[in-house]
Amino acid sequence: MSQAVVEPEAAPARQMDLLRFATAGSVDDGKSTLIGRLLFDTKSLFSDQLEAVEAVSAARGDEYTNLALLTDGLRAEREQGITIDVAYRYFATPRRKFIIADTPGHIQYTRNMVTGASTADLALILVDARKGLVEQSRRHAFLTSLLRVPHLVLCVNKMDLVGWDKAVYDKIADEFTSFAAKLDITDLTIIPVSALEGDNIATRSEKSPWYEGPSLLHHLEHVHIASDRNLVDVRFPVQYVIRPQSTTVTDYRGYAGQVASGVLKPGDDVLVLPSGLTSKIAAIDTADGPVDEAFPPMSVTVRLTDEIDISRGDMICRPHNAPAVAQDVEAMICWMDETAPLRVGTKYTIKHTTRTARAVVRGLQYRLDVNTLHRDEGAPELGLNEIGRVRLRTTIPLLADEYRRNRTTGGFILIDESTNRTVGAGMIIEAS
Amino acid sequence: MSQTKPYRVSHLDALEAESIFVMREVMAEFERPVLLFSGGKDSIVMLRLAEKAFAPARVPFPVMHVDTGHNFPEVLEYRDSRVAELGLNLVIASVQEAIDSGTVRELPDGTRNRIQTPVLLAAVEKYRFDALFGGARRDEEKARAKERMFSFRDEFGQWDPKNQRPELWSLYNGRHHPGESIRVFPLSNWTELDVWHYIAKEQIPLPSIYYAHEREVVERAGMFYAVNEFIVPKAGETVETRMVRYRTVGDASQTAAVLSEADTVDKVIDEVAATRITERGATRGDDKVSEAAMEDRKREGYF
């Protein structure tokens with residue numbers, strides 16, 4: 001290449017991993033201040049961003065620099081002083097890169113919390129130490145467990161305003177722990193903090209000698225997420241078939257996809273669904289060359305030893321460990337559409353792994369009150385932000401696992417066939 | 001099964017896997033995808049990911065450059081050599097041609113960022129593109145932080161921030177009616193630093209202006225603009241020769257350089273890691289027009 005192009009020299013690859021977390025809480029809980037603090041303490045907040053926020057804060061007559069404005073990016077949000085949508089934020093430490101899905105906590109935004117939690121390794125819930133647990137805290141904890149977010153952190157914020165009183169913290173921690181025990185929450189950490197003053201955020205504070213746990217950042221950096229992946233059940237949804245039309249590469253037929261779970265190796269016996277045909281893995285290719293094994297979340301291309309007919313939407317798994325091939329599906333569905341409710345008898349497009357089908361709602365068993373967990377079995381429909389247990393029948397079989405066992409092969413979305421909007425998020429309980 | 005292996009995945013590998021997944025989804029579900037390629041570093045990284053996503057096959061879609069006519073020669077040269085190397089079809093949507101034919105009008109201040117939008121939309125209509133890959137990242141700007149990986153656009157190319165499709169797990173909804181399209185941002189979750197680490201890891205060549213070099217510049221509102229056919233010093237401005245590099249590459253009349261000694265990828269990484277100002281804040285005159293400049297442009301159909 002010419003002078004206009006510079007080839008970089010080799011640099012060592014940085015060995016950081018990636019943690020995605022969702023935050024939930026309202027402005028009053030100090031969530032934006034907490035995020036602002038995390039960004040600030042990890043030097044991820046830029047001076048021009050801070051200046052912009054200071055200028056807007058001053059123009060609005062705020063008494064202090066309102067860090068909420070950092071995340072409230074849209075004009076409508078600033079004008080109305082509310083947060084509409086999930087905002088994504090990024091910061092990194094030498095150990096980890098973090099992606100924050102910052103979701104507004106208000107009741108009508110269950111949709112956003114569910115969206116943010118769907119990809120999260122960890123959920124962070126805030127409560128105001130002066131107010132203790134509120135309805136919203138319980139709702140957020142429930143959604144965390146419904147979406148099977150593997151780790152939960154409760155930050156008891158504004159401890160400075162209760163004089164770092166251990167009794168206040170203990171009461172909230174006890175109450176939350178007993179509530180969480182009723183839910184399917186596997187890992188819970190509770191941290192007393194002051195987001196405003198930075199206590200127990202990046203480093204442990206001297207103001208809470210009675211607290212023996214980690215600072216928030218230390219916990220985020222060290223929480224063990226590698227084992228959260230399912231490395232047991234081989235699930236490889238075929239995304240795209242690669243067949244080069246080329247004179248140099250002939251007879252190549254590779255199945256491209258991202259490993260949903262399990263570990264694939266050349267030589268492994270595989271079962272292809274829904275056809276039920278079996279074969280062996282001949283090779284696992286990447287653009288950087290073949291690999292000895294593939295595991296989540298790697299995007300690879302699998303070649304098999306036999307020429308069998310495989311296309312997008314098929315699933316490569318193991319002969320003795322396969323998902324259900326199912327047209328009848330029971331699932332918890334969170335409804336996300338404000339224009340029309342979910343009703344029995346309605347047909348939708350269903351997208352599950354790389355497979356798209358049509359589905360009809362056969363039954364609504366109950367609607368769940370996300371605050372009291374009460375089941376309303378007489379509910380006729382699910383409206384926006386409502387959650388219920390639903391029975392679906394699909395036109396073609398889904399290759400499905402229970403959501404609690406596999407978040408990738410257990411989750412689906414429903415799409416309205418006339419508006420093309422994404423109207424529902426489903427978590428499979430049973431497929432047959 | 002043996003659980004002794006850690007099965008580690010670095011953050012860059014995870015980001016790469018996600019971007020490749022997104023590109024394959026688009027190829028599988030759309031009829032006429034196109035990748036926006038300007039010769040800027042983000043689009044260069046995106047093209048590399050496309051190359052990797054479909055190997056050993058060729059990149060299965062064309063690339064498009066929305067050309068304002070205000071270019072850095074090094075960048076155009078890079079664009080053409082990369083396109084030739086990969087055997088791609090390059091579509092050029094030319095703002096200059098649109099001005100010459102009278103379909104858009106030059107703005108009084110001579111800037112062309114805003115009039116790029118109708119030219120882009122005309123090309124989308126002409127070639128009936130239904131999915132457009134863009135290299136935008138969510139860390140760049142506040143409006144972008146709330147945009148989806150798959151961003152639905154109506155038949156006017158407009159973004160409606162209040163009416164976005166929820167995006168759950170890795171299930172992307174690309175369904176659309178004829179005339180509508182989806183903007184796809186495979187680098188949504190990458191930061192400027194991630195892009196540079198990836199350039200280093202993959203040893204991706206870049207146009208030379210991304211690395212420190214001596215250049216004649218004038219200082220305007222704290223930013224350093226290269227003196228060239230588009231930037232002519234005004235009365236009272238002093239032309240100085242400084243060591244600079246470009247953090248972003250956009251319209252040559254609007255993009256400023258930063259003072260820098262970073263002439264290798266490692267030095268750039270160190271510099272980016274230490275910098276206290278965002279790349280668009282440091283280099284883009286066009287984003288400073290109003291607090292919601294980017295949001296407004298996106299609503300009009302801009303990337």
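Data for the structure
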item: Checklist (1) surrounded by fewer than 22 Cβ atoms within 10 Å (Cβ to Cβ); (2) more than 10 Å from chain A (Cβ to nearest Cβ); (3) touching a residue at least 12 places away in the same chain (Cβ under 8 Å); (4) in contact with a helix residue (DSSP H, G or I) (Cβ under 8 Å, 6 or more places away or on another chain) applied to B:ILE204, failing item; result: (2)
item: Residue within region B:2-25 that is buried (at least 18 other Cβ atoms within 10 Å of the Cβ), polar (S, T, N, Q) and either facing chain A (nearest Cβ under 10 Å) or touching a strand residue (DSSP E or B) at 6+ places or on another chain (Cβ under 7 Å) (or both) present; result: yes
item: Where A:PRO150 falls short, out of the listed (1) more than 25 Å from A:THR408 (Cα to Cα); (2) surrounded by fewer than 23 Cβ atoms within 10 Å (Cβ to Cβ); result: (1)
item: Region A:370-426 - residue that is assigned to a loop (DSSP other than H, G, I, E, B) and of a type in the set (A, V, I, L, M, F, W, C) and, of those, nearest to the other protein chains (Cβ to nearest Cβ); result: A:LEU384
item: Qualifying residue in region A:130-141 (condition: free of Cβ contacts under 8 Å to residues at least 40 places away in the same chain and among the hydrophobic types (A, V, I, L, M, F, W, C)); result: yes
item: Residues (of a type in the set (A, V, I, L, M, F, W, C), out of contact with any Gly (no Cβ under 8 Å at 6 or more places or on another chain) and surrounded by fewer than 23 Cβ atoms within 10 Å (Cβ to Cβ)) located in region B:27-46; result: B:MET27, B:ALA28, B:VAL34
item: Count of region A:293-338 residues which are part of a loop (DSSP other than H, G, I, E, B) and either over 28 Å from the mean Cα position of the chain (by Cα) or not basic (Lys, Arg) (or both); result: 21
item: Some residue of region B:92-105 being basic (Lys, Arg) and touching a residue at least 12 places away in the same chain (Cβ under 8 Å); result: no
item: Set A:ARG404, A:ARG391: member being in contact with an Asp or Glu (Cβ under 8 Å, 6 or more places away or on another chain) and within 25 Å of A:LEU271 (Cβ to Cβ); result: A:ARG404
item: Region A:296-322 residues that are within 14 Å of chain B (Cβ to nearest Cβ), paired with ones that are buried (at least 19 other Cβ atoms within 10 Å of the Cβ) and at pLDDT below 95 (beta carbon under 6 Å, 6 or more apart); result: A:PRO296/A:ARG229
item: The lone exception for B:VAL217 - which of (1) aliphatic (A, V, I, L, M); (2) free of Cβ contacts under 8 Å to residues at least 12 places away in the same chain; (3) buried (at least 22 other Cβ atoms within 10 Å of the Cβ) it fails; result: (2)
item: Any hit, region B:259-269, residues being in contact with a strand residue (DSSP E or B) (Cβ under 9 Å, 6 or more places away or on another chain) and more than 14 Å from every other protein chain (Cβ to nearest Cβ); result: yes
item: Some residue of region B:225-234 being surrounded by fewer than 22 Cβ atoms within 10 Å (Cβ to Cβ), more than 22 Å from the chain's Cα centre (by Cα), over 30 Å from B:SER81 (Cα atoms) and more than 7 Å from every other protein chain (Cβ to nearest Cβ); result: yes
item: Positions within region A:269-292 being away from chain B (no Cβ under 12 Å) and in a loop (DSSP other than H, G, I, E, B), in sequence order; result: A:PRO274, A:SER275, A:GLY276
item: Test for A:ALA180: is it touching a Leu at 6+ places or on another chain (Cβ under 6 Å) and either in contact (Cβ under 8 Å) with a residue 40 or more places away in the chain or assigned to a helix (DSSP H, G or I) (or both); result: yes
item: Given (1) basic (Lys, Arg); (2) within 11 Å of another protein chain (Cβ to nearest Cβ); (3) exposed (fewer than 15 other Cβ atoms within 10 Å of the Cβ), index of the condition B:LYS298 fails; result: (3)
item: Test: residue in region A:412-420 that is touching a residue at least 24 places away in the same chain (Cβ under 8 Å), farther than 14 Å from A:MET336 by Cα and either outside the structural domain of A:ALA340 (by TED's automatic domain parsing) or of a type in the set (S, T, N, Q) (or both); result: no
item: Region B:159-195, subset among the charged types (D, E, K, R), facing chain A (nearest Cβ under 9 Å) and crowded, with 20+ Cβ neighbours inside 10 Å, residue nearest to B:PHE303 (Cα to Cα); result: B:ARG165
item: Residue check for B:PHE54: free of Cβ contacts under 8 Å to residues at least 40 places away in the same chain and of a type in the set (Phe, Trp, Tyr); result: yes
item: Qualifying residue in region B:148-158 (condition: away from chain A (no Cβ under 11 Å), surrounded by fewer than 24 Cβ atoms within 10 Å (Cβ to Cβ), touching a residue at least 24 places away in the same chain (Cβ under 8 Å) and of a type in the set (Asp, Glu)); result: yes
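The values are calculated or read from the model by the stated rules, or taken from the named source; none is laboratory data. Note that the coordinates shown come from a computational prediction; the quantities given were computed from them, not determined experimentally. Using ideal geometry, Cβ is built from the backbone for each residue, glycine included, and neighbour counts are taken over all protein chains shown.
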